[in-house]
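One structure is given here, and the rest of the page talks about it.
Each reported figure results from applying straightforward, stated rules to the coordinates on display, with no laboratory input. These figures come from a predicted structure and were not determined experimentally. As a convention, Cβ positions derive from the backbone with ideal geometry for all residues, glycine included, and neighbour counts pool all protein chains shown.
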Amino acid sequence: MMDSAYRDILHRCFRCGWCKFPLNYTDFNCPAYLKYRFESFSSGGRMWLIRAWQEGEITPSERLSQILFSCVTCRNCVEACAMPGIKDSLVDLFIEARADMVERGTIPPLVRDYFKAISVGGNPYRLPAQDRAKWSCGLGLERYQGQEYLFYVGDEGAFDELGQHMARSVALLLRRSGVSFGILGSDELTDGNDVHALGEKGLAEYLARQNIELMQELGVKKVITLSPHAFHAMRNRYPLHGSTAAVYHYTQILQPLVARLAPVLQGERVVTYHDPCYLGRWNGEYRAPRAILKSVKGLKSVEMDRSMQNALCCGGGGGNFFTDMLGTGPDLAARARVREALATGADTIAVACPQCYRMLADAVRDEGAQEKVRVCELTEIVAEAVPA
Ligand code: SF4
Ligand code: SF4
């Protein structure tokens, strides 16, 4: 049963439907609603279903769990909701409802498989732990042993091909910028952000405590994360379990340092930046990534119709990157986002999250737009503009 504070909120939604849109009302901005076009998949519709379920008017079903687990926790509804008393709690409420479903054991098989992969094998890719260090092979990076920062790359940085590429690029630019850091290699553990978002609070807390214990043993005081998801968990959830480490997303560390490298592009490049939800809407960091782009000479930066607080999520958040609850098709958020990027005339979509990187790169392929636009991580753009 959900906490009474959340149950109270359920009654206050008056179904105005604003939560489906960005604040500039350009298009549907809730990835779950965008895909399914049923009110039940929007924030307001989901609230009413949860209310009916919690009051015993409907019983848990496969369809109800599909609807609950389709939310990608992008927080657009939090920005857009018309009701001040409930808006800040909307996504927390959905996570609570999922936690209730997890406790009752009525979760979709794709979500169950994700939890199982992490519980049994320690990562969602079902790959051996020793493979975690492969991304850093040949770079000569030091293990963490008291350097100023720990650089934490997480599951996608360790196992996804584009994530590995990104982890290498960020590590090299950190080194080139004179940042003192070490890595954990195969000793890294899943950060647990998406586990929490999917409602497995016990497993998320276990992972947080394991990571905190390891960092405290090593004397880590400052952490740089590759992923905004790890950044969010370590910055906002880990302190609840005793962590005192300061946590930064890599863009925040690099932003004041990149200009010193005097990056200059050969030829003009038009770039549009895609805000990751866990960096932007969840943590308010819109400036650092844009400042990095601004420091690159020869780069023209253009904004999509929906940017910053209004950005359309890539659809990978809330664990959907791994569970794929939204499936395939032209109405996927990532594909809509690529079409929006193409409309700006940009030749490059810049990303700062390994999940966005994979989601948007796949969407460019699915849209058949490889000749028109490419997805590039921010430090890769900088590296192209800095003489070797
Ligand atoms: S968090 Fe995002 S996906 Fe979930 S209901 Fe709100 S707008 Fe839709
Ligand atoms: S905007 Fe807020 S009040 Fe309106 S339907 Fe959505 S959740 Fe309910």
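Sequence gap at least 6, Cα distance under 8 Å: using those rules, report the relative contact order of segment 205-362 to the nearest whole percent.
Computed over segment 205-362, the figure is 25 percent.
Once you keep just the Cα pairs under 8 angstrom separated by 6 or more residues, what percentage relative contact order results for segment 1-66?
Working: 49 pairs, mean separation 20.3, N = 66.
This gives 31 percent for segment 1-66.
Note down, for segment 4-107, the three equivalent ellipsoid semi-axes (square root of 5 times each alpha carbon gyration tensor eigenvalue), biggest first, whole angstrom.
On the way: eigenvalues 91, 46, 26 Å².
Here the semi-axes work out to 21, 15, 11 Å.
Rounded, prolate or oblate: which fits segment 1-63, taking a ≥ b ≥ c as square roots of the Cα gyration tensor eigenvalues, rounded meaning a/c under 1.5, else prolate when a/b beats b/c? Spell out each step's value before the answer.
Details: a/c = 2.92, a/b = 1.62, b/c = 1.80.
Oblate shape, in that a/c is at least 1.5 and b/c is the bigger or equal ratio.
For the chain, taking Cα atoms only, what is the radius of gyration to one decimal and the Dmax to the nearest whole Å?
Expressed in Å, the Cα Rg and Dmax of the chain come to 20.4, 65.
Go ahead and estimate [θ] at 222 nm for the chain from helices alone: -39,500 (n - 2.57) per DSSP H run with n ≥ 4, summed, over the residue count, rounded to 500. Let's see the in-between values first.
Details: 19 runs with 172 residues, N = 388.
For the chain, the value works out to -12500 deg cm²/dmol.
Where the centroid of each part is defined by its Cα atoms, how far is segment 271-336 from segment 184-251 in Å?
Using only Cα atoms, the two centres lie 22 Å from each other.
Checking the cross-link filter: which aspartates and glutamates have an alpha carbon closer than 12 Å to that of K221, excluding same-chain neighbours under 8 positions apart?
K221 reaches E148.
Going through the cross-link list K87/K116; K297/K372; K87/K300; K35/K87, which pairs have a Cα-Cα distance over 26 Å in this structure?
Values: K87/K116 32 Å; K297/K372 22 Å; K87/K300 36 Å; K35/K87 22 Å.
Cα-Cα > 26 Å for K87/K116; K87/K300; rest within.
Hey, can you rank 99-109, 337-347, 244-254 by average C-beta count inside 10 Å, highest first? It would help to have the intermediate numbers written out before the result.
Details: 99-109: 16.2, 337-347: 19.5, 244-254: 21.5.
Ranking the peptides 99-109, 337-347, 244-254 by packing returns 244-254, 337-347, 99-109.
Using Cα-Cα distances under 8 Å and only pairs 6 or more residues apart, what relative contact order does the chain have, in percent?
Numbers: 701 pairs, mean separation 67.6, N = 388.
Once normalised by length, the contact order is 17 percent.
Which residues in segment 80-119 place their backbone N less than 20 Å from a point set 7 Å from the Cα of M1 along the Cα-to-Cβ direction?
93-106
Please state the Cα pair-distance histogram of segment 116-253 with 5 angstrom bins from zero: what percent is in each bin?
Pair shares across the bins are 2, 11, 22, 25, 22, 13, 4, 1, 0.
Given the peptides 117-127, 260-270, arrange them by the average over their residues of other C-beta atoms within 10 Å, most packed first. Each step should come with its number before you reach the end.
Values: 117-127: 16.9, 260-270: 13.2.
Going from most to least packed, we get 117-127, 260-270.
For segment 145-183 and segment 343-388, what is the centre-to-centre distance using only Cα atoms, to the nearest Å?
19 Å
Sorted by mean Cβ packing within 10 Å, highest first, what order do the peptides 70-82, 204-216 take? Don't skip to the answer; put the middle values down first.
Working: 70-82: 24.0, 204-216: 18.9.
Averaged packing, sorted descending, gives the order 70-82, 204-216.
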